[in-house]
Structure formats: C-alpha cells, structure tokens
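Contents: one structure, followed by commentary.
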Amino acid sequence: MLELSNVRAGYGAINVLWDVSLAMQPGRLTAIVGQNGAGKTTLLRAIMGLLPLKQGEITLHGKRLDGTPTWDMADRGLAMVPEGRMVFRDMSVAENLIVGAFNKAHRPHVAARLEAAYEMFPRLRERRKQLAGSLSGGEAQMLAMARGLMSDPKILIVDEPSLGLAPLLVNELFGILARLKAEGRTIILVEQNTERALAIADHVYLLQGGKVALSEAAANVTLARLHELYFKH
Ligand code: ATP
C-alpha cells in the first residue's frame, strides 16, 4: 500500500498541499480529480520525490518513501507518465522506450519489454524509427505511457492522459489502463475528465485547494454528486 499521511508541500514559501492523507491499495486504480490548480500534479511530484515534503510522510508497504531520490523510484517499483508530451523529441520512438529502462537492473529485460510495449501499442512498432517530435499528440501520449511501463512498475502514476486527445484515442488509452489494472498493477490516475475517471476507478479522491474534499469508493459516488462537490468552489 502507498500511503500519504498529513503531507504538506509546495514551492518555496508557497504551500500547495495542506495535510493531505491518501491510501492507494495494491492492484487498484485510484483516481485523483480536481480543478486546475487543485494541486494534483504537485501531489504526484511529491510522491515521485521531485518535491520535498514540508510535513508528513509517504510510505510504501510501511517503509518510508519520501526522501528517496527520484532516480531510485524505479527500484521501489514506481514509474510516472508525465502530463502532456514530455517525450524526448529528438530521439526515435525506440530510443525513448529504451531510456525508460535505463536502470541497470532493467537492462537485461530491455528486448522483452520493448516487445511487450509494441504488442500493447502496435502503432509504436510501426513508428519505432521515427523521431518522437514528429508523432501526433495521441501517439506521443502512447509513447509516454509505454516508456513508463519499460521499468515494469508495480505502481504506475499517470498524469492527465486524456488531455487534448480525441475521444477515440481517449477510449484506447482507457482500454490500456483497464488492461494494466487487470494485470494487477496499481494505478494512480490524475484526470480532469471526471466521468472517465469515475468509470474506471476503484477509489476516488477529490482535491480542492490542496485539500482532500472527498475520499470514497468509486462505486459509492455518482457523477452528479462528484460534480456537485467539484464545482462548489
Ligand atoms: P492542472 O490540472 O492545471 O495541472 P493541478 O491540480 O495539477 O492543476 P498543480 O499543477 O499541482 O495543480 O498546481 C497547484 C498550484 O501550485 C497552482 O496554484 C500552481 O500555480 C502552483 N505551482 C505549480 N508549479 C509551481 C512552481 N513550479 N512554482 C510555483 N508554484 C507552482
């Protein structure tokens, strides 16, 4: 279990997260929703060690995770698929994927993981020699996701995968998320599309002004109730 207890974090003197406590269960998909600026990305950055905590702690299976350098997160079983198209534009699709398994422990598995990535994302196989900078938005998002999977993470953290994508591609991406969940991976999904998030999640957290405004099993939340809270502020 990945657990955040009373986490406070921000940028310099500015505080963004206020005493945030969350628990992410293994093999489940936890969705974190909230309006622009609610602190969702900041929360993910805090988990990945990209932002020091001002207060509180993060634990993974009872062991302290905060304080772990970001480059060691792959060893702890975590990978993050960043928002948008943060792929290496001047590198080919294949090179981008290989970078995702840079860690020494993962190197012997590169060929098998590449094959698994291409099996899951056939379009990337077709485009493996193409520069990532020339991919469409949807393809780049697939590449970001495939790259995150190259370290075979137990916990995959996905930031806004549907942002700016056409509905068909969003369907495809959510299909992949469902498949990853069925494989037993733990998924933390930040998503502004509340309807999609609710449909796929096991548990939903609503962040508002850097605080947890709702923590509920997805089965117990209707979209109407979520929207009522979502648009309250
Ligand atoms: P969005 O969906 O728009 O990305 P979000 O919920 O992910 O929103 P964050 O990106 O976590 O929100 O931002 C939360 C707050 O922190 C915002 O007020 C933002 O301006 C501020 N913030 C984000 N990054 C920085 C930074 N590097 N320095 C200072 N303030 C920042």
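Miscellaneous remarks
- Amide H contacts under 5 Å for V81: I157, V158, D159, restricted to partners 5 or more places along the chain or on a different chain, H placed in the peptide plane at 1.01 Å from N.
- Amide H contacts of Q55 (H built 1.01 Å from N, under 5 Å, at least 5 apart or other chain): R8
- Estimated distance in nm for a label pair at L131 and D90, the labels positioned 7 Å out from Cα along Cα-to-Cβ: 0.9 nm
- Share of Cα-Cα pairs in the range 56-191 lying beyond 18 Å, as whole percent: 54 percent
- Scaling the Cα radius of gyration of the range 82-158 by the globular reference 2.2 N^0.38 Å produces a ratio of 0.98.
- Cα-Cα over 32 Å, subset of K154/K232; K63/K232; K181/K211; K63/K129; K63/K211; K104/K181: K154/K232; K63/K232; K63/K129
- Taking θ as phi - 60° and the Karplus parameters 6.51, -1.76 and 1.60, the scalar couplings of the range 39-53 work out to x, 5, 5, 4, 4, 5, 5, 5, 4, 7, x, 8, 8, x, 7 Hz in sequence order, x denoting glycine and proline.
- Extension gain, S21 back to A219 (0.36 nm per residue minus Cα-Cα distance, nm): 69.2 nm
- Total charge dipole magnitude, the chain, about the Cα centre, Cβ charges on Lys, Arg, Asp, Glu only, Debye to nearest 20: 300 debye
- 3J(HN,Hα) from dihedral phi, the range 188-200, Karplus parametrisation 6.51/-1.76/1.60, rounded to Hz, x for glycine, proline: 10, 10, 9, 8, 8, 7, 5, 5, 4, 4, 5, 5, 9
- Max-minus-min Cα coordinates of the range 8-61 on each principal axis give 36, 26, 18 Å, with the largest extent listed first.
- Extended-chain gain in nm, criterion 0.36 nm per residue less alpha-carbon gap, N103 and Q55: 14.3 nm
- Solvent-accessible area per residue in the chain equals 46 Å², computed with a 1.4 angstrom probe and all protein chains kept.
- Rounded tilt (10° steps) of 167-182 against the dominant C-alpha axis of the chain: 80 degrees
- C-alpha center-to-center spacing [the range 26-48, the range 199-233] in angstrom: 12 Å
- Average silhouette area of the range 36-133, convex hull of alpha-carbon atoms, in square nanometres: 8.1 nm²
- Amide H contacts of Q25 (H built 1.01 Å from N, in plane; Pro and chain starts excluded): no residue 5 or more places away or on another chain comes under 5 Å.
- From the C-alpha gyration tensor of the chain, square roots of 5λ in Å: 28, 21, 16
- Debye intensity ratio in log₁₀ form over the Cα atoms of the range 1-91, taken at each q of 0.19, 0.20, 0.25 Å⁻¹: -0.95, -1.05, -1.49
- Estimated vicinal HN-Hα couplings, Hz - the range 56-67 in sequence order (Karplus 6.51, -1.76, 1.60; Gly, Pro = x): x, 8, 10, 10, 10, 6, x, 9, 4, 9, 5, x
- Label positions at L229 and A199, each projected 7 Å from the Cα along the C-beta direction, are separated by 2.1 nm.
The values are calculated or read from the model by the stated rules, or taken from the named source; none is laboratory data. Being a predicted model, the structure only gives us computed values, none of them experimental. Cβ: placed from backbone, ideal geometry, glycine included. Neighbour counts: every protein chain shown. Accessible surface areas use protein heavy atoms only, side chains included; no ligands, DNA or RNA. Shrake-Rupley method; radii C 1.70, N 1.55, O 1.52, S 1.80 Å.
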